[in-house]
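*Asks:* Pasting a structure here, questions to come.
No lab work stands behind these numbers, since they all come straight from the coordinates. None of the values given here were measured: they were computed from a predicted structure. We place every Cβ from the backbone using ideal geometry, glycine too, and count neighbours over all the protein chains shown.
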Amino acid sequence: MKKNNSGKIIQITRRSALKGMATTAGVAAVSLAAPGIIRRASAADPIKVGVISPLTGAWTVYGKAHSAGFELAVDEINAAGGVLGRKFEIILGDSKTEPRIVVEQANRLIRQERVDFLAGTFSSAERNAAGPVVTSANKILLYPTFYEGQEKEYYPGVCNKNMFMFGPEPTQQVWPHLEYMMNKFGKKFFMIGSDYAWPRVTNQVTKRRLLELGGEVVGEVYIPFNTPQYESVLRDIRASGANIIFHTLTGSDTVNFRLQYTAAGMKKDFVLWTVDDEEVVTSGLGPDVSAGDYVSFDYFMSIENPNNTAFLKRFRAKFGKDALMNTVGVAMYNAAHMAAMAIEKTGEVSTDALREGLKDIEFENGPQGKVRMRGLDHQMVLPSYLMRVRKGWTGVNDMFEEIQSFPSVEPLDARCQLPL
Amino acid sequence: MKQRTLKHRSLLGTTPGDLLFSEPGAALIVFAILALLPVFFSGYMIYILPQYMLFGVLAMSLGLLWGFAGLVSFGQAGFFALGAYTMGLSMKSGGGIIDPAYLGLLLSLVVGGILAAAVGYFLFSAGVRGTYFVLVTLALSIMLEQIAVSQSQITGGWNGMFIDRMSLNLGPFGKISLFDDAPMYYVILPAVAIIYVILYTITVTRFGKILNGIRENEDRLISLGFNASLYKTGVFAISGAVACFAGALYGTHANFVAPSLAGVLFSTEVVVWVAIGGRGSLLGVLLGGILVASFSNYLSAITPEYWQLVLGLLFVAVLLYFRGGVAGAVAQLVNARRAK
Amino acid sequence: MSTALSVVVDATLITLILALAAFGLAIIYGLVGVINMGHGAMLTLGAYLTWAATTAGLPFVISIFLAAAGVAVIGLLLEHIVIRSFYDRPFDTLLLTWGFFLVSTEVIKIVFGTDLRNVANPVPGAFDLGGIQIPAYRTMIAGCSLLLIAGSALVFFYTALGIKIRALIQNREMASLLGLDVSRMYKLVFVTGSFMAGLAGALISPMLSVDPYIGNIFLVRSFFVVIIGGIGHLLGGTLIGSFLIGGSETLFALFSGQVFAQTAVFAVAIVVLRFRPHGVLRSG
């Protein structure tokens, strides 16, 4: 079962890639055969979706859940007969975790594969790289990752009428839980993050609400990627008298920092709250290092609701019982279903129709519960969960215990020219 | 009849047949094919080829350094990214009295040239050896990447910077938009061809000959009274300026630059292109950049892991068995056939 | 006061760990003149092999030696198949070892996958020294680093083998006239360096996320350690180089951001390289 399904998708990709190879051969002036490029779409033709995932490179760990979420949704859509009588077809592009490659792949998918719309890209930098491409080609991009929110100055990477954000932003992921954390553990925050826009803006937004609530930031440091040593940072944290370490490190630096933080025996003296470490990274940390830390997201594999139970059952049937899902994969899943609903609603496959269709659309079967895409700023209304990592967890099923949750959190309006 | 042949020989140093098989002849054919491609094709290929041609120029900037002066830089991508950022900032500034795109292109030549000259002179004047030079350029590209990340108010940090597509400003005759693929293609292709001609000319002038001498035996050149460090500084400055200029064009073509463009991974990819293309031939290096980048893009969709592995093995094989790369192997083949 | 003390402790730990990471490189570079660009991949391999061995249920101490031995075997193969015919061409060995890096990184990804792995910390906890907490495991590695370097010094200066090796660095032709099997000595040195790199990767693995790029973090720093310390000054040079690179990064980070600290250290290293191309221990 598993083999057949994934085999199908690979096959599609392989065929399209081979077509691409033939084009390259043209560069070498050997020969060229690219039939079927100028073919009118007919009712039976599939709706083509270009999916850009980090399949290789530094963030491959996230890439699996990322593309798997979309693939699962497309299987479900096609099993139900497709949309307007047409099936979805995925054409996969590897971003290699490089913004430069995203530009190449987005153009390939749009210009050569003639996809109807795009989904994916992972980091903010990757999304920004795709921004000018989808703007000039007038294609929709469905973006799945938790991110820093939309500020006008980063147009066309955000505040873009061709982009829809399916992941949470700080006013959804952090704000709802600030009060609880402050009341329980204290008002002094030490912020540590990787040195780029997501941690910086997330901290800035967090700080705003924190100060309103009477909190205090006693330290703020940003760490360059691939930093192996954390002695001085750990010392600063110790000296700061913080109650809570607010953690926005990403990738392997998360692991490096947490291993050394734990080794320094600091776990017992501080509370750590991370807004980055979903199932995949927490698995990488292991139970000893992650135990007792707080995490907040819109989705966790262990949340209990009928949607999620059914979703995970289908997911595991397709990708195996040990496969990991996370907030980003679920956002990709929602994105595919909601795009299908939007196309169904407007009865048309075009950028304008998809944009109009996605506005204010509701999806009942989201794995995290009912979700809604806001028409005003293309930002998803999502639940928000605060979890604590269980001591001695053995797998994703018992990794997190729920502390508190809100079923539906409206984000602050995007700081853009609204409506988009 | 005989006289005419002789005349040709004196004119070009070669017979027409030789010309066909010589590097400029082959280059002529390659550029002619590239010039005709947009007539027959459109879409993605015409969009992406200029980017790969600019990668080819980046490869040539290293080819000049490695093949002709015997210096390997692991930091060429640093200059490339510097060019893209220069272009982006210049476009943002609006340019003042001259067109911002032209300002960006001009500045990229100056900035790349000066940085390379400064670093080069600093090192070569103290007799820093080729192997250390590799490590310093490696560190240079890491430093440029880190600066691009940390100076986020200028560069946009890790999230990158948007760069508008340039237009061709013809002064009183108005502006030609380069928004579409074909016009942009026909701006970048001649630029690449001109850079090729300039670099090729450099290699056959006295300067190029002296560089060759330095590569073969630096001490001998020094004892003959040449200031080797000055020549090495010169060639590194040219290489830096060319890489930076190509980066500026790349930036305005891709509309985006992020710090990882300066990084070690991309820098060393350039080394692989040059080795496979054939460091002894600028044309081979140019094609190496274009073709390896193209195949990387397409094959990565089929076997992302194995393609990288194949590329690595190919790199080692070239170093061990075909030191001239593909261009060297082709030249050998042609010579062998003509010798018969 | 405790700040000053903790800076000293931090700098010492960083210096010794960096020295450990750079030691294999220093051996190969200093004794046989090969700039081993594959050093990062050897560290990574050491970490992955440790992960594989501990995951298979072997005790940590046995795992690290197995890992180091595994890397030594790979180093032996690399030397025997490729490097040995290129000793007189440092430039080619640099590129070839870079090729080794490219290939082995891809093989690691294929064999071990790209998920984040971790090796459980065998000595958890920290101890208190005048009010500052010092992680026990890091201290242990720092100790290992000192032991390794001191042990190598003993071998180098007080054994017959050490004398042979020193003769070899000083004058290769003379050594071969004296009847030393030069190519075997070179092989021995290369394998020892690989072993040390693997051991370093193994020892570092519990502190860092084990991923295919773990070794890269140390690659450029290690090179500067070796260059600044000075070629051939295997023991003192490695320690001093580590201190200048790691210690100055700690100091810079006190007054500026971490990113700036890293950039500044590289800049300083380049300047030192310019004025002391043979390292700080040797004049001129």
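*Asks:* Less than 11 Å Cβ to Cβ from A:Tyr299, Lys/Arg counted +1 and Asp/Glu -1: what total charge do the surrounding residues give? The partial results should precede the final answer.
*Replies:* Working: positive: none; negative: A:Glu278, A:Glu279, A:Asp298.
Around A:Tyr299, the charge tally is -3.
*Asks:* A follow-up question, please. If r is the Cβ-Cβ distance from A:Ala353 to A:Asn307 and R0 is 41 Å, what FRET efficiency results, to the nearest 0.05?
*Replies:* Working: r = 27 Å, r/R0 = 0.67.
For R0 = 41 Å, the calculated efficiency reads 0.90.
*Asks:* How high is the relative contact order of the range B:49-263? Use alpha-carbon pairs under 8 Å, at least six apart in sequence, and give a whole percent. Could the numbers behind the result be given before it?
*Replies:* On the way: 354 pairs, mean separation 98.9, N = 215.
Computed value for the range B:49-263: 46 percent relative contact order.
*Asks:* Ok, one more. Give me A:Ser405, C:Ser145 ranked fewest to most by other Cβ atoms within 10 Å of their Cβ, as a rough exposure proxy. Walk me through the numbers on the way to the answer.
*Replies:* Working: A:Ser405 19, C:Ser145 25.
Taking fewest neighbouring Cβ atoms as first place, the list is A:Ser405, C:Ser145.
*Asks:* For A:Glu362 and A:Phe185, FRET efficiency with R0 = 35 Å and r from the beta-carbon atoms, rounded to 0.05? Walk me through the numbers on the way to the answer.
*Replies:* Working: r = 36 Å, r/R0 = 1.03.
Calculated value: 0.45.
*Asks:* How would C:Arg172, A:Arg415, A:Arg200 line up from fewest to most surrounding beta-carbon atoms within 10 angstrom? Please list the in-between numbers first.
*Replies:* On the way: C:Arg172 18, A:Arg415 15, A:Arg200 21.
In order of increasing Cβ crowding within 10 Å: A:Arg415, C:Arg172, A:Arg200.
*Asks:* B:Gly234: net charge of surrounding residues, Cβ under 15 Å, Lys/Arg +1, Asp/Glu -1, itself excluded? Walk me through the intermediate numbers first.
*Replies:* Working: positive: B:Arg206, B:Lys209, B:Arg215, B:Lys232; negative: B:Glu218.
So the surrounding residues net to +3.
*Asks:* Now for a different question. Is there a simple number for the mean count of other chain Cβ atoms within 10 Å of the Cβ of residues in B:249-260, and what is it? Spell out each step's value before the answer.
*Replies:* Details: counts 0, 2, 0, 0, 1, 9, 8, 13, 4, 11, 4, 10.
The shielding value for this peptide is 5.
*Asks:* Turning to a different aspect of this structure: Subtracting the Cα-Cα distance from 0.36 nm times the residue separation, let me have the gained length for B:Glu216 to B:Val310 in nm, one decimal. Present the calculation step by step, with values, prior to reporting the outcome.
*Replies:* Values: separation 94, 0.36 × 94 = 33.84 nm, distance 3.15 nm.
Computed gain between B:Glu216 and B:Val310 is 30.7 nm.
*Asks:* Tell me, what is the FRET efficiency for B:Leu265 and C:Ile110 to the nearest 0.05, using R0 = 25 angstrom and their Cβ-Cβ distance as r? Please report the intermediate quantities before stating the final value.
*Replies:* On the way: r = 18 Å, r/R0 = 0.72.
After rounding, the FRET efficiency stands at 0.90.
*Asks:* Can you list, by residue number, the Cys in the protein assembly as shown that have no neighbouring cysteine C-beta under 4.7 Å?
*Replies:* B:Cys244, C:Cys144
*Asks:* Two decimals, Cα atoms only, Kirkwood Rh: what is Rg/Rh over the range C:2-216?
*Replies:* Numbers: Rg = 18.4 Å, Rh = 18.2 Å.
Ratio value, two decimals: 1.01.
*Asks:* Restricting to bridges with both residues inside the protein assembly as shown, how much of the DSSP beta-bridge set is antiparallel, in percent to the nearest 5? Write out the running numbers ahead of the final one.
*Replies:* Working: 26 of 62 bridges.
Percent antiparallel among DSSP bridges in the protein assembly as shown is about 40.
*Asks:* For the range B:49-263, with only Lys/Arg (+1) and Asp/Glu (-1) charged at the beta-carbon, what is the dipole magnitude about the Cα centre, in debye rounded to 20?
*Replies:* For this selection, approximately 360 debye.
*Asks:* Please average, across the residues of A:154-167, the number of beta carbons from any other chain that are within 10 Å of each residue's own beta carbon, and give a whole number. Intermediate values should be presented prior to the final figure.
*Replies:* On the way: counts 4, 1, 3, 5, 1, 0, 0, 0, 0, 0, 0, 0, 0, 0.
For peptide A:154-167, the averaged partner shielding equals 1.
*Asks:* OK, next. Would you mind counting up the charge near C:Leu78? Only other residues with Cβ under 15 Å from its Cβ, with Lys and Arg at +1 and Asp and Glu at -1. Don't jump to the answer; show the numbers that get you there.
*Replies:* Values: positive: C:Arg84, C:Lys187; negative: C:Glu79, C:Asp92.
Charge balance in the 15 Å sphere: 0.
*Asks:* So what does the Cα-only Debye profile of the protein assembly as shown read at q = 0.06, 0.08 Å⁻¹, as log10 I(q)/I(0), no solvent term?
*Replies:* -0.46, -0.83
*Asks:* Please list the non-local residues whose amide H lies under 5 Å from the amide H of A:Leu272, H modeled 1.01 Å from N, same-chain partners needing a gap of 5 or more.
*Replies:* A:Ile245, A:Tyr294
*Asks:* Using only DSSP helix segments of four residues or longer, with each worth -39500 (n - 2.57), what per-residue ellipticity at 222 nm results for chain A after dividing by its residue count and rounding to 500? Present the calculation step by step, with values, prior to reporting the outcome.
*Replies:* Values: 14 runs with 176 residues, N = 420.
Mean residue ellipticity, 222 nm, calculated: -13000 deg cm²/dmol.
*Asks:* A further question on this structure: Enter the mean number of other protein chain beta carbons within 10 Å of the beta carbon of each residue in B:65-73, as an integer.
*Replies:* Working: counts 0, 2, 0, 0, 0, 1, 1, 4, 0.
Average per residue, whole number: 1.
*Asks:* Past 18 Å, Cα to Cα, is the threshold; run A:Lys188/A:Lys268; A:Lys268/A:Lys391; A:Lys207/A:Lys370; A:Lys152/B:Lys92; A:Lys267/A:Lys391 against it and keep the listed order.
*Replies:* Beyond 18 Å: A:Lys207/A:Lys370.
*Asks:* Once you sort the root eigenvalues of the Cα gyration tensor of chain A as a ≥ b ≥ c, which label holds: rounded (a/c under 1.5), prolate (a/b larger than b/c) or oblate (the other case)?
*Replies:* On the way: a/c = 1.76, a/b = 1.71, b/c = 1.03.
Here chain A falls in the prolate category.
*Asks:* Could you give the length gained by full extension between A:Ala291 and A:Arg415, i.e. 0.36 nm per residue of separation minus their alpha carbon distance, to one decimal place?
*Replies:* Values: separation 124, 0.36 × 124 = 44.64 nm, distance 3.66 nm.
Using 0.36 nm per residue and subtracting the Cα-Cα distance, I get 41.0 nm.
*Asks:* Using amide H atoms built 1.01 Å from N in the peptide plane, name the residues 5+ places from A:Lys48, or on other chains, whose amide H lies under 5 Å from its own.
*Replies:* A:Glu89, A:Asp116
*Asks:* Taking only C-alpha pairs under 8 Å that are 6+ residues apart, what is the relative contact order of chain A in percent? It would help to have the intermediate numbers written out before the result.
*Replies:* Details: 814 pairs, mean separation 70.5, N = 420.
For chain A, the relative contact order is 17 percent.
*Asks:* Once you keep just the Cα pairs under 8 angstrom separated by 6 or more residues, what percentage relative contact order results for the range B:208-340? Each step should come with its number before you reach the end.
*Replies:* On the way: 74 pairs, mean separation 26.1, N = 133.
The value is 20 percent.
*Asks:* Sticking with this one: What ranking, highest mean first, results for peptides C:112-120, B:238-246, B:277-285 when packing means the other Cβ atoms within 10 Å averaged over each residue?
*Replies:* Listed from highest to lowest mean packing, they are B:238-246, B:277-285, C:112-120.
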